[in-house]
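Structure record follows, encoded as structure tokens.
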Amino acid sequence: MPVAVSQIQNHLLAALPADAFKRITPFLELISMPLGAVLYEAEVKLQHIYFPTTAIISVHNIMEDGSSLEIIGVGNEGMLGISLLMGSDRISSFAVVHTAGYGYRLKAYVFQDEFNSSRSIMDLMLSYTQGLITHISQSVVCNRYHTIEQQLCRWLLLTLDRLSSNELIITQELIAGMLGVRREGITEAAGKLQRAGIISYRRGHISVLNRAGLEEHVCECYGVVKSERDRLLCKFRQNR
């Protein structure tokens with residue numbers, strides 16, 4: 001494991017009260033999160049909570065015909081497993097790594113004990129949950145009312161916000177699956193952005209050349225989600 005990875009790279013972990021952070025640190029397990037790794041399966045009992053540092057996790061709902069749609073992405077701003085703190089050890093979604101990297105795994109009961117015994121941690125987690133609700137709600141609106149190009153720009157910007165570079169390793173098929181659209185739609189939208197000099201695309205690799213251009217093409221949904229995330233990060237910093 002790379003020595004550069006530390007718990008404080010996850011903003012939610014870093015925002016925990018110092019005493020709670022000290023208690024859970026011995027139980028945090030640094031793990032590799034390779035592209036495509038499934039961390040949660042639908043209706044399977046959940047055993048762990050995950051705190052990504054450099055990886056990004058995509059939570060999907062899956063339909064009877066096998067099609068799926070990304071509900072939310074989780075990166076270094078948060079955690080996977082909030083349902084375990086809300087009294088449910090199973091979810092109807094599945095979670096898969098869409099950007100490879102690293103993160104920390106924690107046995108659920110360790111964090112549940114801290115959550116149940118600390119009002120400050122409970123308040124922090126409830127605030128984080130409110131942010132998730134805002135993100136999910138805005139994604140529903142975006143998927144219903146905005147063009148595929150706008151949705152792609154939103155997804156790219158939200159992903160870039162969690163990365164330290166402008167390079168994304170991902171296929172058009174994966175992006176189409178996350179947005180719940182046809183691959184041809186993503187090909188067309190990516191082609192427009194490439195011709196405009198905003199991105200460069202080759203199979204399995206996207207380079208963002210002009211972030212300002214993405215921001216000009218994106219719908220208002222990105223701003224809503226980013227504002228909520230910035231609010232949360234500000235609160236996290238105040239807790240440190």
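What to note about this one:
- For the condition closer than 30 Å to residue 212 by Cβ and not aliphatic (A, V, I, L, M), residue 114 does not qualify.
So that you can scan it fast, the table gives a plain yes or no per residue for (1) without any contact (Cβ under 8 Å) to a residue 60 or more places away in the chain; (2) more than 25 Å from residue 9 (Cβ to Cβ); (3) touching a Ser or Thr at 6+ places or on another chain (Cβ under 7 Å):
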| position | (1), (2), (3) |
| --- | --- |
| 42 | yes, yes, yes |
| 45 | yes, yes, no |
| 50 | yes, no, no |
| 56 | no, no, yes |
| 59 | yes, no, yes |
| 63 | yes, yes, no |
| 69 | no, yes, no |
| 75 | no, no, no |
| 78 | no, no, no |
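- Any hit, the stretch 212-221, residues being among the small types (Gly, Ala, Ser) and at pLDDT below 90: no
- Subset of the stretch 62-87 that is within 20 Å of residue 36 (Cβ to Cβ) and β-branched (Val, Ile, Thr) - its residue that is nearest to the chain's Cα centre (by Cα): 74
- Answer residue from the stretch 1-42, given it is at pLDDT 90 or above and among the β-branched types (Val, Ile, Thr) and is nearest to residue 88 (Cα to Cα) among those: 38
- Tally of residues being within 17 Å of the chain's Cα centre (by Cα), surrounded by fewer than 18 Cβ atoms within 10 Å (Cβ to Cβ) and part of a helix (DSSP H, G or I) across the stretch 144-173: 1
- Selection within the stretch 77-109 - crowded, with 16+ Cβ neighbours inside 10 Å and among the aliphatic types (A, V, I, L, M): 79, 80, 82, 84, 85, 91, 95, 96, 97, 100, 106, 108
- Residue match in the stretch 210-219 (condition: outside any helix (DSSP H, G or I) and within 19 Å of residue 164 (Cβ to Cβ)): yes
- Qualifying residue in the stretch 37-50 (condition: in a loop (DSSP other than H, G, I, E, B), out of contact with any helix residue (DSSP H, G or I) (no Cβ under 8 Å at 6 or more places or on another chain), among the β-branched types (Val, Ile, Thr) and within 18 Å of residue 108 (Cα to Cα)): yes
- Count of the stretch 100-113 residues, restricted to those that are of a type outside the set (A, V, I, L, M), outside any strand (DSSP E or B) and more than 16 Å from residue 83 (Cβ to Cβ), is 1.
- Single residue of 59, 97 found to be under 16 Å from residue 35 (Cα atoms), touching a Gly at 6+ places or on another chain (Cβ under 7 Å) and in a strand (DSSP E or B): 97
- Verdict on residue 176 being over 14 Å from the mean Cα position of the chain (by Cα), surrounded by 13 or more Cβ atoms within 10 Å (Cβ to Cβ) and closer than 18 Å to residue 202 by Cα: yes
- Meets criteria (at pLDDT below 95, of a type in the set (Val, Ile, Thr), under 30 Å from residue 183 (Cα atoms) and not assigned by TED's automatic domain parsing to the domain that holds residue 178) for residue 72: yes
The values are calculated or read from the model by the stated rules, or taken from the named source; none is laboratory data. What you see is a predicted model, and the numbers here were worked out from it, not measured in a lab. Heads up, the Cβs are rebuilt from the backbone with ideal geometry, glycines too, and the neighbour counts pull from every protein chain shown.
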